[in-house]
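This report refers to the structure that appears directly beneath it.
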Amino acid sequence: MVAASYLGIRTPIAYKWRKEVKRSNLEYGMNFAYGGTGVLDTLANQPNMTTQIDFFQRLVEQKVYGKQDLHNSVGLISVAGNDYATYLARNTHDLQKLGDFTKKIMDQLEINIDRIRGLGVKRIAVTLIEPMGCIPLQAASSSYSNCTQALNLGSKFHNQMLNQSLQNLNAKDNSTVFITLDLYDAFFSALNKFTTHAPAGILGLKPCCEGKEMGKYYCGSVDESGAKLYTICENPNLSFFWDTLHPSQNGWHSIFSSLRSSLHKLTT
């Protein structure tokens, strides 16, 4: 977990592995996330955010984490990208109702994060969403040369609503429990820096791993005989994105480097 390394702490144990490690390892926290999941149900057949909080609540009730543990902890919430990926997969090129979908996400997200506060966590950071139009899956139509501005406007609308929701939640008890990590600006800053210093011929929006036929095959696709239906770039360290959806390790380090000062404020 890149965020943990920038905070100078060990990576929290994944919830599904909690019974496989020593109890002492749980003192570094726990990661309740499941790949591909979101605030709402997504294409991934995994627990959504509400269910993940149920898991957290169960541990609190079981005294795995006590009141003092929670008081001294920082909660990190980074969610919603998969919700939008699901929406776009089900509503190809239909952005007219994207704003309504954002409101649906925000209604449930506000309930969820307030519930985490109610369980005793006193400091909660919520990431703003990245510029969705700059994800390679969306930039492919321009041969990875430009972001899709309509989707970036959707990201801005999401972030405006999220900022307002967090302000409202903090105002409920005149607190500063909730803060934001500006993933949108950090993403752009890191991407622009990468593009400026990239070797000739390297496109910042082009993924390292991609299917041989866009829209039909993906990174990791194989045929019936196990033959690869995807390609991997010669030097992954020179790519900002690993596949059509996710930044590479190098990309994430660049993004979180831009968030360094905000991350350190969480522990002071």
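The rows are residues; the columns are (1) open to solvent by less than 60 Å² (accessible area, probe 1.4 Å); (2) under 20 Å from residue 58 (Cβ atoms); (3) not in a loop (DSSP other than H, G, I, E, B).
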site	(1), (2), (3)
5	no, no, yes
16	no, yes, yes
25	yes, yes, yes
36	yes, no, no
42	yes, no, no
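Consider only pairs whose beta carbons are under 9 Å apart and that are at least six residues apart or on different chains; among these, list those whose first residue lies in segment 171-183 and is over 10 Å from residue 124 (Cα atoms) and whose second residue is exposed (fewer than 15 other Cβ atoms within 10 Å of the Cβ).
175/122
Out of all the residues in segment 227-249, which are loosely packed, with under 14 Cβ neighbours inside 10 Å, under 20 Å from residue 189 (Cβ atoms) and either within 14 Å of the chain's Cα centre (by Cα) or at pLDDT 90 or above (or both)?
249
Could you give me the residue pairs with C-beta distances under 8 Å whose first residue belongs to segment 79-96 and is modelled with pLDDT under 90 and among the small types (Gly, Ala, Ser), whose second residue is surrounded by 20 or more Cβ atoms within 10 Å (Cβ to Cβ) and not in a helix (DSSP H, G or I) wherever it lies, and which are 6+ apart or on separate chains?
As it stands, the answer is none, since no pair meets every condition given.
In this structure, does residue 175 turn out to be under 24 Å from residue 262 (Cα atoms) and part of a loop (DSSP other than H, G, I, E, B)?
Against the criterion (under 24 Å from residue 262 (Cα atoms) and part of a loop (DSSP other than H, G, I, E, B)), residue 175 qualifies.
Taking the stated definitions as given, is residue 174 modelled with pLDDT under 90, over 20 Å from residue 255 (Cα atoms), polar (S, T, N, Q) and open to solvent by 20 Å² or more (accessible area, probe 1.4 Å)?
Yes, satisfied.
Within segment 185-210, track down each residue that is more than 14 Å from residue 254 (Cβ to Cβ), modelled with pLDDT of 90 or more and either out of contact with any Pro (no Cβ under 6 Å at 6 or more places or on another chain) or surrounded by fewer than 19 Cβ atoms within 10 Å (Cβ to Cβ) (or both).
Selection gives 206, 209, 210.
Out of the residues in segment 74-105 meeting the condition of being within 22 Å of residue 149 (Cβ to Cβ) and hydrophobic (A, V, I, L, M, F, W, C), tell me which one is farthest from the chain's Cα centre (by Cα).
95
Which ranges mark the helices (runs of 4 or more DSSP H) fully within segment 66-128 that have 2 or more residues being in contact with a helix residue (DSSP H, G or I) (Cβ under 8 Å, 6 or more places away or on another chain) and either open to solvent by 60 Å² or more (accessible area, probe 1.4 Å) or closer than 20 Å to residue 40 by Cβ (or both)?
Working: elements: 67-71, 81-90, 98-118.
Answer list for segment 66-128: 81-90, 98-118.
Can you confirm whether residue 185 is under 19 Å from the mean Cα position of the chain (by Cα) and acidic (Asp, Glu)?
In short, yes.
One line per residue, one yes/no per condition, for (1) open to solvent by less than 80 Å² (accessible area, probe 1.4 Å); (2) closer than 23 Å to residue 85 by Cα; (3) modelled with pLDDT of 90 or more:
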position	(1), (2), (3)
212	no, yes, yes
221	yes, yes, yes
225	no, no, yes
251	yes, yes, yes
260	no, no, no
268	no, no, no
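If I filter segment 103-139 down to residues being in contact (Cβ under 8 Å) with a residue 60 or more places away in the chain and small (Gly, Ala, Ser), which single residue comes out as nearest to residue 82 (Cα to Cα)?
Top of the filtered list is 139.
For segment 231-248, enumerate the residues that are in contact with a Lys or Arg (Cβ under 9 Å, 6 or more places away or on another chain) and either touching a residue at least 40 places away in the same chain (Cβ under 8 Å) or part of a loop (DSSP other than H, G, I, E, B) (or both). Steps first, please.
Of all residues in segment 231-248, those in contact with a Lys or Arg (Cβ under 9 Å, 6 or more places away or on another chain) come to 231, 233, 239-241.
The answer is 233, 239, 240, 241.
Within segment 49-64, does at least one residue satisfy the condition of being under 30 Å from residue 101 (Cα atoms), at pLDDT below 95 and buried (at least 18 other Cβ atoms within 10 Å of the Cβ)?
no
The values are calculated or read from the model by the stated rules, or taken from the named source; none is laboratory data. Bear in mind the structure is a predicted one, so any value in this text is a computation, not a measurement. Positions of Cβ are backbone-derived with ideal geometry, glycine not excepted, and every protein chain shown enters the neighbour counts. Accessible surface areas use protein heavy atoms only, side chains included; no ligands, DNA or RNA. Shrake-Rupley method; radii C 1.70, N 1.55, O 1.52, S 1.80 Å.
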